[in-house]
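**Student:** Below are the structure tokens for one structure; questions will follow.
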Amino acid sequence: MSEKPLMLEIMHIHKEWQNYMKKIAQESGIPESYRMIIMFLSRNPGVSQKEVAAFCGTTYAAVSQTIKEMHLTGFIRKETSAADQR
């Protein structure tokens, strides 16, 4: 039996992790469109919507609308930055 190259094993584990997180999100009632944003915000508190859009590979307008929905449904809260009042 040959061993998988390390990169293939890492890719396999990453895919399993994504599938697990998707399942947990679905069971918790978190819409698929929210999942990537929630994960990014949890690791990068205080980021701008532009930074979220860049990470997600989507437009600022799409992220802005999704974040607005997430805020209204209680998935996230918005806070004003003391540094620049945004």
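**Student:** Can you give the convex hull volume per residue for the Cα atoms of the stretch 6-86, as a whole number of Å³?
**Tutor:** Convex hull of Cα atoms, per residue: 108 Å³.
**Student:** For the chain, what is the mean residue ellipticity at 222 nm derived from helices alone (per DSSP H run of n ≥ 4: -39500 (n - 2.57); sum divided by total residues; nearest 500 deg cm²/dmol)?
**Tutor:** So the helix-based figure for the chain works out to -20500 deg cm²/dmol.
**Student:** A further question follows. Using a Förster radius of 25 Å, what is the FRET efficiency between residue 59 and residue 12 based on their Cβ-Cβ separation? Nearest 0.05, please.
**Tutor:** Working from the Cβ atoms, E equals 0.20.
**Student:** Could you do me a favour and compute the accessible area per residue for the chain, 1.4 Å probe, result in Å²?
**Tutor:** Accessible surface, normalised per residue, equals 80 Å².
**Student:** Could you tell me what percent of the accessible area of the chain is made up of carbon and sulfur, with a 1.4 Å probe and every protein chain present?
**Tutor:** After summing per-atom areas, the C and S share lands at 58 percent.
**Student:** Note the angle between two axes, namely the Cα long axis of helix 6-27 and the longest principal axis of the Cα atoms of the chain, as a number of degrees from 0 to 90, rounded to the nearest 10.
**Tutor:** With rounding to tens, the tilt is 50 degrees.
**Student:** For residue 73 and residue 43, FRET efficiency with R0 = 25 Å and r from the beta-carbon atoms, rounded to 0.05?
**Tutor:** Here the calculated transfer efficiency is 0.75.
**Student:** Could you derive backbone 3J(HN,Hα) for the stretch 38-54 from the dihedral phi with the Karplus parameters 6.51, -1.76 and 1.60 (θ = phi - 60°), listing whole Hz in sequence and x where the residue is Gly or Pro?
**Tutor:** So the Karplus estimates, Gly and Pro as x, are 4, 4, 5, 5, 5, 8, 9, x, x, 6, 7, 5, 4, 5, 5, 4, 4 Hz.
**Student:** Let me ask another. Could you count how many Lys pairs in the chain have their Cα atoms under 27 Å apart, skipping same-chain pairs fewer than 8 positions apart?
**Tutor:** Counting lysine pairs in the chain gives 13.
The values are calculated or read from the model by the stated rules, or taken from the named source; none is laboratory data. Everything quoted here is computed from the prediction, not taken from an experiment. Heads up, the Cβs are rebuilt from the backbone with ideal geometry, glycines too, and the neighbour counts pull from every protein chain shown. All accessible areas refer to the heavy atoms of the entire protein, side chains included, with ligands and DNA or RNA removed. Shrake-Rupley method; radii C 1.70, N 1.55, O 1.52, S 1.80 Å.
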